[in-house]
1. Compute the separation of the alpha-carbon centres of the range 264-281 and the range 222-247 and state it in Å as a whole number.
2. List the relative contact order of the chain as a percent without decimals, with contacts defined as Cα pairs under 8 Å and 6+ residues apart.
3. Multiply the residue separation of residue 241 and residue 30 by 0.36 nm, subtract the distance between their alpha-carbon atoms, and state the gained length in nm to one decimal.
4. Summarise the long-distance tail of P(r) for the range 53-196 by giving the % of C-alpha pairs beyond 22 Å.
5. Modelled label-to-label distance, residue 231 and residue 87, 7 Å Cα→beta-carbon offset: nm?
6. Grab the Cα-Cα distance for residue 143 and residue 278, subtract it from 0.36 nm times how many residues apart they are, and report the gain in nm with one decimal.
7. What spacing in nm lies between the two simple spin-label points modelled at residue 73 and residue 204, each 7 Å away from Cα in the Cβ direction?
8. Using alpha-carbon positions, what is the distance between the centroids of the range 51-106 and the range 165-215, in Å?
C-alpha cells in the first residue's frame, strides 16, 4: 500500500506544481509585456511631447540649450506669430485642406471605377494591365517632377491647388487601385448577377452594391490620400512659387529660416508642426475602425 502511494503520489503532485508554475510565469509575462508596451509608447510619444511643449514656451526658453524638459511658463505667443505669419495661417490651412479634398475626390473618382472594371469586367490581359499599373509604385515621383513642372507651366496650372492635387493623386493612384480592386474582387458575384437579372446597369451595380460593400476600403483610400496630400512637401515646393499658394508644410519650412534671438524661431516652428499633426490624428482616430478592416480586405487576398 505504501509502495503504491509512493509511486502515485509524486505523479499526482507534479501536474499541480507545473500548472501553478505555468500560471505564475504567464502572469509575470503578461505584466512584463505590458511594461514593455508602455515603455515603447512613451518613447514614441516623447517627440510629440517635446514638440507641443516647445510650442507653448517663451521664445527664450524654446531656444535654450540645453533644452528644458518642462515649460517654466505657458504662452501662446508662438501660435499668434504663426497666425500672422506672411499671408496668415488660415490661408495656408485652407490651401492644405483644399488640396487634400481635391486629391481625395480625384483619387476616388479614378480608382473606384477602375478597380471595379479590373475586378469584374472581362478585359483581355487585365492581370498584366493591373501589374503594369502597379509598377508606378517603384518609380519615385521625385524623378518625374521636372517634366511635370514643365508640362504644368505650359498648361498654366502651377501655383494652383488643382495642379498640386493632380501630383498628389498620381502619387496615391497605384496603392489605391490595388486596395479597391482586391476589395471589389472579394464581393460575392451572386449579388451582381441578381442585380443584373433585375435589370440593373453596370453603373447601378457599382453604386448600389459594390460601393456599399467596399466602404472600409474606400475610407482607407481616402485616409491615405488625405495624409499623403497633407504632408507632401517636395511637389508643393516645386510647383508653388507664390507665398499665398503655399501649403502648411511649405510655410513651416519657410518659418525654419526665420530668426529669433540670433537663431531659428523654434517656438513658431514647433507650433506649426503641432498644428499640422492635429488633423492627421483626428482623421485617423475617427476612421480607425474602417481603416483597419479596409486595409486588411485590400491586402489579404
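Every read-out reported here was derived from the displayed coordinates using simple, explicitly stated rules and does not represent laboratory data. Predicted model only: the values in this text are computed from it and were never measured. Every residue, glycine among them, receives a Cβ derived from its backbone with ideal geometry; neighbour counts consider all protein chains shown.
1. Rounded to whole Å, the Cα centres lie 16 Å apart.
2. Computed value for the chain: 28 percent relative contact order.
3. 70.5 nm
4. Of all Cα-Cα distances in the range 53-196, 62 percent exceed 22 Å.
5. With each label point 7 Å from Cα toward Cβ, the separation is 2.4 nm.
6. 45.5 nm
7. 7.0
8. Computed from Cα coordinates, the inter-centre distance equals 40 Å.
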